[in-house]
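J.: One structure is given below, represented as structure tokens, and several questions about it will come after.
No value in this document is a laboratory result; all are computed from the given coordinates. All values derive from a computational prediction rather than experimental measurement. Cβ: placed from backbone, ideal geometry, glycine included. Neighbour counts: every protein chain shown.
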Amino acid sequence: MSALASYAAQEQHSLGRRHPEEKPTYRSEFQRDRDRIIHSAAFRRLEYKTQVFVNHEGDMFRTRLTHSIEVAQISRSIARILKLNEELVETVALAHDLGHTPFGHAGQDALNACMKDYGGFEHNLQSLRVVDELEERYAEFPGLNLTYESREGILKHCSPMKAKELGDIGQRFIDKQQPGLEAQVVNFADEIAYNNHDVDDGLRAGLISFDQLREVKLFEQQYLQVKQAYPDLAERRMIHEIIRRMINVLVIDLIDQTRERLEAAKPETIHDIRQQPALLAGFSEPMREMSLELKRFLRQNLYRHYRVHRMTSKASRIISALFDAFINDTGLMPHDYQQTAKSYADDLGDSGRARAVADYIAGMTDRFAITEYERVFNPSELT
Ligand code: MG
């Protein structure tokens, strides 16, 4: 790796791990974090979790796993140019969606509603909970015992009330400070990845059309260029050529803007980055507007499409029904979850029991949740 900027995250200045460990022999601390994520059970389950389309709708759509890999790719490209820590951005990108429920945002909203009297449910906090508590892989500590910097990147947002419960990692939300630049970059890379792949998946599913997309400036600009250079290009290649160019202009704009802001702010250390009030990583104003327009388009035409809505409404019913069944009778869950529910309830009462149920449901893949629903509610289904 080429020399890092002085304000990049550097392992020799890391704020460390919650449980102190020997340094790795041949790897950096952030490489070790990344490797722990790749070997985790929650990471493997991302293959069968989705964002917009439910996993069984087709093999061609993005899953949370392929999404996370795309986010890692975009983040690393940006980090390399800005001389940020590539290993750390990769770690944060691969981990950023670990806490997602089955069925994307519909699943999270349903689970949050179920948990409203028990402290709520938020996928971002759950991602941190997965790496801090829920993974069971090491003799010496619960979770994956990641570095502070990786954990800081995973916890993108958090209410001040929750932040108080989280100690050091939550403090910045109380102090209104930024995370390191690596975390900020992944945030934007996430947005670039999903906006663009949702265009691709939405077109493939036939939920949005090419003509509709031409009303979106970011798309139209790239379309005109491709059309001029390749007037006879077949539609599928045309779509991919447009999308790759959209990703490219967004990435280049983000890099150029971030560079300019860095030159103006002149941070010297990651501490300076954390103190800066405004986001250092961000699009230029025209690009921010185009990106917002695309988001609005997707919300209106894809995420609210009746066929997506049918699926998400089924998804929320499945999540709510499972939650109600398990909270009323934890004996319906597998043995180890019953035990966890009991021990959490001994400590925290009803909220503890509810948290154990939420952990069980959040960990499910789309298809596991559907099967579990059948096993719990369908009388003719074997259990
Ligand atoms: Mg994401």
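J.: Under the rule of -39500 (n - 2.57) per DSSP H run of 4 or more residues, summed and divided by the residues of the chain, what mean residue ellipticity at 222 nm is obtained, to the nearest 500 deg cm²/dmol? All intermediate terms of the calculation are to be shown ahead of the outcome.
T.: Values: 19 runs with 236 residues, N = 383.
The per-residue figure over the chain is -19500 deg cm²/dmol.
J.: Using the per-residue mean of other Cβ atoms lying within 10 Å as a proxy for protection, in what order, highest first, do the peptides 20-31, 67-78 fall? Spell out each step's value before the answer.
T.: Values: 20-31: 13.0, 67-78: 21.9.
For the peptides 20-31, 67-78, the packing ranking is 67-78, 20-31.
J.: Take the alpha carbon atoms of region 290-364, find their center, do the same for region 227-283, and report the distance between the two centers in whole angstrom.
T.: After rounding, the separation between the Cα centres reads 34 Å.
J.: Within the set Lys176/Lys314; Lys83/Lys164; Lys116/Lys342; Lys116/Lys314; Lys176/Lys217, which residue pairs have Cα atoms separated by over 27 Å?
T.: Numbers: Lys176/Lys314 38 Å; Lys83/Lys164 33 Å; Lys116/Lys342 20 Å; Lys116/Lys314 20 Å; Lys176/Lys217 34 Å.
Beyond 27 Å between Cα atoms: Lys176/Lys314; Lys83/Lys164; Lys176/Lys217.
J.: Moving to a separate point now. Can you tell me which of Asp359, Asp329, Asp97 moves the most in a GNM of the chain? Springs connect C-alpha atoms under 10 Å apart.
T.: Asp329
J.: Another question about this same structure. I want to verify a result. In a Gaussian network model of the chain, Cα cutoff 10 Å, which of these has the top mean-square fluctuation: Glu87, Glu293, Glu165?
T.: It is Glu165.
J.: Next question, about the same structure. Which one, Ala72, His271, Gln108, projects farthest toward the positive side of the charge dipole computed for region 11-306 from Cβ point charges (K/R +1, D/E -1)?
T.: Gln108
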